[in-house]
Amino acid sequence: MRIFDPHIHMTSRTTDDYEAMYAAGVRAVVEPAFWLGQPRTSPASFFDYFDALLGWEPFRAAQYGIAHHCTIALNPKEANDPRCTPVLDELPRYLVKDGVVAVGEIGYDSMTPAEDHALAVQLQLAAEHGLPAMVHTPHRDKLTGLRRTIDVVRESALATDRVLLDHLNETTVREAKDSGAWLGFSVYPDTKMDEDRMVAILDEYGPEKVLVNSAADWGKSDPLKTRKVADAMLKAGFDEDAVDLVLWRNPVAFYGLSGRLDLDPSTPEALHEGNSILRGGE
């Protein structure tokens, strides 16, 4: 079984997680830029973070046979902080990098005017750079947030079929599907979808253009949720082709829209910026 986790924050995870993910069948990941759990105080902290997503994390992943790509953006939560918004002006120099396969996470957190602006600007940047967009739908008042998101996307220069609407659930899936966008579901303990609910949605709406992710981060999360969804699908009667479509071919097709997806992890160099990660080794 081959698995592509299209939304996982490996910066927050350990090398043990990479090892366990590989054993479970994960061969590729996309890591979206997001917030750190506490406020950033200057744009410079974003740039160091973006550099790590483009250098250090692919190096770590390759040590365990996993291809790592990222998405770059000013995330919705920090779009409300004037200390962070100058990042918008600097995004173009990152969006031309080979390892960047989408603009993201963009979208809404609290649905403020500042978030409206950041979303519109970054959809335009995606269109200008020939990249798809990975959009975070809000965790609160989800249906209103989804509708507002779709309206902004339709007003933008980016075609809806180049947009992934993530963090969907039972209340938003129908309208998201009707929009023509790709459909993303985060399977995450307690606060988002679980395996059984995910299988029920797949049974009702089908597997086409559906991406399932773990969204694993520094919270209570599980980087093996993608494999658990695959196992639940098989148990529920889906065949191996449907599992491969949802867990591999769909994320490959979406992020492949960037023209930059490389699923062969390069053999890592012995060191990255002076660090081998192999403590005590040669």
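Structure summary
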{"read-out": "Qualifying positions in region 14-47 - at pLDDT 95 or above and assigned to a loop (DSSP other than H, G, I, E, B)", "value": "25, 33"}
{"read-out": "Search result, residues across region 192-217 that are more than 21 Å from residue 253 (Cβ to Cβ), assigned to a loop (DSSP other than H, G, I, E, B) and either over 17 Å from the mean Cα position of the chain (by Cα) or without any contact (Cβ under 8 Å) to a residue 24 or more places away in the chain (or both)", "value": "194"}
{"read-out": "Count - residues of region 6-46 that are out of contact with any Asp or Glu (no Cβ under 9 Å at 6 or more places or on another chain) and within 20 Å of residue 263 (Cα to Cα)", "value": "10"}
{"read-out": "Search result, residues across region 109-120 that are surrounded by 19 or more Cβ atoms within 10 Å (Cβ to Cβ) and either aliphatic (A, V, I, L, M) or touching a Ser or Thr at 6+ places or on another chain (Cβ under 6 Å) (or both)", "value": "118, 119"}
{"read-out": "Within region 220-257, tally of residues that are under 23 Å from residue 18 (Cβ atoms), touching a residue at least 40 places away in the same chain (Cβ under 8 Å) and part of a loop (DSSP other than H, G, I, E, B)", "value": "2"}
{"read-out": "Tally of residues being more than 17 Å from residue 118 (Cα to Cα) and among the β-branched types (Val, Ile, Thr) across region 31-75", "value": "2"}
{"read-out": "Number of the exception - residue 159 against (1) within 20 Å of residue 79 (Cα to Cα); (2) aliphatic (A, V, I, L, M); (3) surrounded by fewer than 21 Cβ atoms within 10 Å (Cβ to Cβ)", "value": "(1)"}
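The values are calculated or read from the model by the stated rules, or taken from the named source; none is laboratory data. Model, not experiment: these values are computed from the prediction. Reconstructed Cβ throughout: ideal geometry from the backbone, glycine too, with neighbour counts over all protein chains shown.
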